[in-house]
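The values are calculated or read from the model by the stated rules, or taken from the named source; none is laboratory data. This structure is a prediction, so every number in the text was calculated from the model and none was measured. With ideal geometry, Cβ positions are generated from the backbone for all residues, glycine too; neighbour counts draw on all protein chains shown. The protein model used for the area step is the full one, side chains on, heavy atoms only, and it has no ligands, DNA or RNA in it. Shrake-Rupley method; radii C 1.70, N 1.55, O 1.52, S 1.80 Å.
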Amino acid sequence: MTLALLFEQLLNGLQLGLMLFLMSAGLTLVFGVMGLINLAHGSLFMIGAFFCAAVAAASGNFWLGLVAGTAAAAAAGALIEVTVLRRLYTADHLDQVLATYALILILSEGTRIIFGPFPLYLDVPASLSGTVDLGLTLYPLYRLALIGFGLAVAVGLWFLIARTRLGVRIRAGENDREMIAALGVNIRALYTVVFALGAALAGMAGALVGAVQAVQVGMGEPVLILAFVVIVIGGIGSIKGAMVGALLVGVIDTMGRFLLPNIFATFMGASQASSIGSALASILIYLLMAVVLVLRPKGLFPPHA
């Protein structure tokens with residue numbers, strides 16, 4: 001294990017964390033403003049990846065695919081909110097879970113029918129191919145661009161929430177939706193915009209990640225689990241908490257999978273060390289979540305603290 005390899009894995013953890021933030025920010029916005037548990041959020045991640053891959057393959061332009069994937073996820077989110085979820089805001093959380101789980105099955109089968117049962121592959125854009133010399137290591141330019149892109153989106157989302165009229169309405173809706181409805185704000189339109197925004201962030205994350213992994217049906221569910229861990233750690237409804245939680249989860253998960261097998265290999269066989277280390281690494285983020293819930297039941301940065 002070298003310092004260069006350690007630095008590379010740290011960057012990988014940062015990249016994973018920022019992509020998780022794009023997923024988690026939309027999820028925490030929807031729950032914070034609308035009080036809705038949306039298990040179908042991972043399916044919007046998948047939709048973004050599939051549309052990006054299909055459009056990029058047809059046009060030869062990754063950036064056009066990225067726009068198409070983000071727009072398709074936003075449109076799907078708005079359609080789902082208007083046709084299905086609007087009826088569930090006053091329902092019990094169990095009803096919301098069952099309905100959005102049904103949406104996972106519908107969207108997965110719909111995607112399989114439209115795009116086929118086989119994975120799609122999305123090439124890294126030519127302008128971001130190759131590696132960058134960071135001194136300690138050569139690092140893929142595309143992964144470095146993902147880090148920069150994630151940070152830029154985080155700053156843009158903060159500006160939207162903190163400095164715009166729409167952001168004021170979103171924050172007001174999170175605190176007292178009945179009051180802003182009484183003041184004349186169209187609460188239904190606000191909910192649709194918030195859900196479409198969250199869906200767009202998920203679709204964008206799927207489109208960006210699609211270039212470093214296979215685009216396949218069901219790819220959103222593992223990411224959704226991590227996103228729920230992120231918002232529980234950070235505080236449900238908190239964008240700041242989503243950022244901190246995503247970075248913690250991304251770095252701890254990546255470094256754990258890298259370090260633990262190497263640590264165990266110092267006093268046991270390589271295959272056994274790899275097996276035990278990988279198993280323990282997979283539960284690290286859940287241990288972190290448990291510790292946070294014990295010490296701060298509302299998360300690290302609860303929105304109304």
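Using only the C-alpha atoms of segment 1-60, find the volume of their convex hull and express it per residue in Å³.
Working: hull volume 7.7 nm³, N = 60.
Enclosed volume per residue, from the Cα hull, is 128 Å³.
At 1.4 Å probe radius, can you tell me the per residue accessible area of the chain in Å²? Let's see the in-between values first.
Values: 14040 Å² over 305 residues.
Value for the chain: 46 Å² per residue.
Calculated FRET efficiency, A182 and V84, Cβ-Cβ r, R0 30 Å, to nearest 0.05? Don't jump to the answer; show the numbers that get you there.
Numbers: r = 26 Å, r/R0 = 0.88.
FRET efficiency, A182 to V84: 0.70.
Once you have the Cα-Cα distance between I113 and T131, take 0.36 nm times their residue separation minus that, and quote the gain in nm to one decimal. It would help to have the intermediate numbers written out before the result.
On the way: separation 18, 0.36 × 18 = 6.48 nm, distance 3.71 nm.
Taking 0.36 nm per residue and subtracting the Cα distance, the gain is 2.8 nm.
Run lengths n ≥ 4 of DSSP H only: what is the helix-derived mean residue ellipticity at 222 nm for the chain, with -39500 (n - 2.57) per run over all residues, to the nearest 500?
-25000 deg cm²/dmol
Report the FRET efficiency, 1/(1 + (r/R0)^6), for A4 and F267, where r is their Cβ-Cβ distance and R0 is 30 Å, rounded to 0.05.
Details: r = 24 Å, r/R0 = 0.81.
Computed FRET efficiency for A4 and F267: 0.75.
Work out Dmax and Rg for the chain from the C-alpha atoms and quote the Rg first, both in angstrom.
Cα radius of gyration and Dmax of the chain are 19.8, 68 Å respectively.
So what does log10 I(q)/I(0) come out to for segment 178-241 at q = 0.11, 0.19 Å⁻¹, using the Debye formula with one equal point on every Cα and no solvent?
Debye output, listed in q order: -0.40, -0.90.
Viscosity 0.692 mPa s, temperature 37 °C: give me the Stokes-Einstein translational D for segment 251-305 in µm²/s, with Rh taken as the Kirkwood radius over C-alpha pairs.
Diffusion coefficient, whole number: 263 µm²/s.
Collect residues whose amide H, placed 1.01 Å from N in the peptide plane, falls under 5 Å from the amide H of V132; neighbours closer than 5 in sequence don't count.
The list, which skips near neighbours in sequence, is Y139, L141.
Run the simple label-point estimate for L105 and A162 please: 7 Å along Cα→C-beta, distance reported in nm.
4.4 nm
Taking θ as phi - 60°, what are the ³J(HN,Hα) couplings along segment 242-251 by the Karplus curve (6.51, -1.76, 1.60), each to the nearest whole Hz, with x for Gly and Pro?
Going residue by residue, I get 4, 5, 5, x, 5, 5, 4, 5, x, 6 Hz, with x marking Gly and Pro.
On a 0 to 90 degree scale, rounded to 10, what angle separates helix 62-83 from the longest Cα axis of the chain?
40 degrees
Taking the Cα centre as origin and putting +1 on Lys and Arg beta-carbons and -1 on Asp and Glu beta-carbons, what dipole magnitude results for the chain, to the nearest 20 debye?
On the way: 14 positive and 12 negative charges, 120 e Å.
Computed charge dipole of the chain: roughly 580 debye.
Highest first, please rank the peptides 198-205, 242-249 by the mean number of other Cβ atoms sitting within 10 Å of their residues. Before the final figure, lay out the partial values.
Numbers: 198-205: 30.6, 242-249: 25.9.
Descending mean neighbour count gives 198-205, 242-249.
Could you sort H41, H93 by accessible area so the largest value comes first, with the probe set to 1.4 Å? Walk me through the numbers before you get to the answer.
Values: H41 0, H93 85 Å².
Largest to smallest exposure gives the sequence H93, H41.
With an 8 Å cut-off on Cα pairs and a minimum separation of 6 or more residues, tell me the relative contact order of segment 3-99 in percent.
Working: 64 pairs, mean separation 23.2, N = 97.
RCO, segment 3-99: 24 percent.
Which residue, L141, L20, L44, has the most motion in a Gaussian network model of the chain that connects Cα atoms within less than 10 Å?
Answer for the Gaussian network model of the chain: L141.
Express in Å², to the nearest 10, the accessible area of L300 obtained by rolling a 1.4 Å probe over the protein heavy atoms while all chains stay in place.
Accessible area, nearest 10 Å²: 50 Å².
Rounded to whole Hz and in sequence order, give me ³J(HN,Hα) for segment 194-206 from the Karplus expression 6.51 cos²θ - 1.76 cosθ + 1.60, θ = phi - 60°, writing x for Gly and Pro.
Rounded to whole hertz, the list is 5, 5, 5, 5, x, 5, 4, 5, 5, x, 4, 4, x.
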